[in-house]
Amino acid sequence: MKRILFARWTGDAWGGLAAMLVALPSAIAFGVTIYTPLGGAAQGALAGILGATALGLIAPALGGANRLITAPCAPAAAVLSAFAIERLAAGVATETVLVMMTVLGLAAGGLQVAFGAVGLGRLIKYMPYPVVSGYLSGVGLYILASQTPRLLGAPKGAHFWETLADPALWQWRGVAVGVVTMAVMLGAGRFTRAIPAAILGLLAGVLAYFALAAFDPALLTAAGNPLLIGALGDGGAGAFGDALAQRWQGLGGLDLPLLTGLLAPALTLAILLSIDTLKTCVVLDALTRTRHNSNRELMGQGAANLASAVIGGIPGAGTMGATLVNLSSGAQSRWSGVIEGVLALLAFLLLGALLAWIPVAALAGILMVVGARMIDRHSLEFLRARSTVLDFVVIAAVVCVALTVSLIAASGVGVVLAVLLYLRAQMGASIVHRKVYLNQISSKRNRLGEEREILQQHGREAVVFELRGGLFFGTADQLYTALEAELKRRNYLILDMRRVQMLDITAAHMLDLIRDTLAERDAVLIFSQLPRKLATGQDMQRYFDQVGLVRPGLPVRVFEELDAALEWVEDRIIEARFVRVGETALPLQAFELFRGRKEATVAMLEQRLEQRAYRAGERIVAYGEAGDAMFLIRRGAVRLVLPLEDGAERHLSTLGRGAFFGEMAFLDGAPRSADAIAAGDTELFVLSRAVFDAFAEEHKKAALQFMEGLASVLADRLRVTHAELRALAG
């Protein structure tokens, strides 16, 4: 046991160390990206480290997904840097922008906690792929555009197009450092996987910088050097603490318009961080054969982002790269994430003085590789097929808005397009799963020959539509169009609702019109299997009552099962065309098995048969019990049901007067295959195998005719079953 615990803790320690080596350089780079427009690259580096620490310590402790590493991420950097640039361009003071970014981090974390509390975790991870792909590709391109001036060594405040158009702004030393960083980071995997590529790239960039400094001693000065991050300020961490305290004091200076303007970016950030985390969790589940709790994870991530904002760190999410490195390094539990956070803090405390010597171009090179990998190049394949062209248009639209307007606007476009994609999918699919007439399908009620003939001749008076998907404003017209041809021809319209997933007031109004149209001809609208709980949490039966669709006195009926609806319609059709014999007990001669036989012979057999009577609900035979007798129903009805393991039961069929059951045990002596329960007061003939064998010894020809008749009835039942299966398959 001790060995197992030691191995587990050792694996977590190595995994946490490796994850820290991957996450920390990226966190520093993301922090520099966010804070550079605000004039504080060094403060940005510190914010990245604090974010990695807070996220690493809190997210795994509260979220609980084993081996998941939470750290500052590219979507957070893109949204926050875009937010800072837009607010500065709008004339907002730098100090106010810093305060607003703190509130933005708090709001995003709070929203994530709320997402998890109300159960949205399962929904967020089902965001349509084209929207997620377009947004992440937009973030990747945005990072490339924002880091290009830093890679080229352009002055602070220079933009992408401005930098490209004016080579005079470039500094070849910065370009050299950035190119070396990217080359090593991209090629590291070919030589070793023991050391993370980001670490190798950063070390290569630093070494390239000092190699250049050997020829230019001016590069060995950190103060005022635009190619380096620089010191954390005159007071070091204390200065950052003072700045953070001033930022919190500035919260009172935010007015309502400024706070209102934070809602959209906070929602954008919360959704992006949630998607990034849950996407990583899904991949991790597949690799480890585990299953994460989406809602708990969101609450843990939200709490971690709240803590990060409180101490001045940047927000983040469960990151794919660091998580996979953590897993491959032997991590076993969520404590590897905590260890990663502790090591990030220790690295800062022990090596914080070295941050000043990290080249800005090296961080830009790391981010450009990260941004390039975020671009979904496979989406170009969507252009090859007409069926996926629209998906590519969605991706392109989100990317274009992200680059030309803002990432925040792109999130709004993404949400709208997600809704449109859903509507397209719902309206493009047929709302009718299956359509079948009553002469193609029957209830589980076993009918006499005359009754079956009537149902075959007049079964097209009733039609069954099995519906599926969502019944809402987008599919209401499709539903009416599918039913319209039958409304003036059929006396019974059955709508099987078992596959319906949602319903809105527009669809309910359409069903109102269908009911009224049928009522004009005294036709009946019938619903079967109304879902008790739709995807929206709705109870369809209660909803129908609330909107007045099934009020008493209206020509509409509701049945728990489709079979019950079919049986009710069959009874109405048969009663209209068939004069029933009174419910007196049938003599043996009246059963199909014995029609046309010599009356004297049948009378002799009837004298030997046992007669039994049962009250409604009494069990006649039980599943699995021994027996060799068959039963002929003289009066009443019998339900055959199959008991299930969970205490429920499945209705197999209902047999009425003139039918028989138990023939399988009669033929082969095997245990009973179902329960037989009296559906009402019932009288039976009981024909045991011993009685039949004794009768057969005396009347061989009559016994042979009986067996032939039994085989004929069973074959007829099989043909009916085959016909129903063909109808259902069609």
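Values in this text are rule-based calculations from the coordinates and carry no lab data. On a predicted model such as this, the values are computed, not experimentally measured, just so you know. Glycine gets a Cβ as well: all are built from the backbone with ideal geometry, and neighbour counts include every protein chain shown.
Observations, loosely collected:
- 3J(HN,Hα) along the range 104-118, derived from phi through the Karplus expression 6.51 cos²θ - 1.76 cosθ + 1.60 where θ = phi - 60°, amounts to 4, x, 5, 5, 4, x, x, 5, 5, 4, 5, 4, x, 5, 9 Hz, with x in place of Gly and Pro.
- Between amide H atoms placed 1.01 Å from N, distances below 5 Å from S673 occur with G624, all of them 5 or more places distant or on a separate chain.
- Each residue of the range 492-506 was assigned a 3J(HN,Hα) from its phi angle through the Karplus expression (A = 6.51, B = -1.76, C = 1.60, θ = phi - 60°), giving 9, 10, 9, 10, 8, 9, 4, 9, 6, 9, 7, 8, 10, 5, 5 Hz with x at Gly and Pro.
- Whole-Hz ³J(HN,Hα) from phi, Karplus 6.51 cos²θ - 1.76 cosθ + 1.60, for the range 165-178, glycine and proline x: 6, 10, x, 5, 7, 6, 10, 4, 5, x, 4, 4, 4, x
- For the chain, the convex hull drawn through the C-alpha positions has a volume of 235 cubic angstrom per residue.
- Among I454, I143, the order by Cβ neighbours within 10 angstrom, fewest to most, reads I454, I143.
- Listed residues V641, G153, T192: farthest to the positive end of the dipole of the chain (Cβ charges): T192
- Tensor-based shape of the range 2-422 (alpha-carbon gyration tensor, a/c under 1.5 rounded, otherwise prolate or oblate): rounded
- Overall form of the range 490-539: oblate. Here a/c, set by the Cα gyration tensor axes a ≥ b ≥ c, is 1.5 or more, and a/b is not larger than b/c.
- By the beta-carbon count within 10 Å of each Cβ, the least crowded to most crowded order of R150, R689, fewest first, is R689, R150.
- Amide H contacts of E561: Q529, each under 5 Å away and 5 or more positions distant or on a separate chain (H built 1.01 Å from N in the peptide plane; Pro and chain starts excluded).
- Projecting the Cα atoms of A603, M664, V686 onto the charge dipole of the range 588-729, computed from C-beta unit charges around the Cα centre, puts A603 farthest toward the positive end.
- Rel. contact order, % - alpha carbon contacts under 8 angstrom, at least six apart, the chain: 16
- Point-to-point label distance, W14-S333, nm (Cα→Cβ direction, 7 Å offset): 1.8
- Cα shape, the range 134-227, gyration tensor, a/c 1.5 rule: oblate
- Listed from fewest to most Cβ neighbours within 10 Å, the set T221, T475, T654 follows the order T221, T654, T475.
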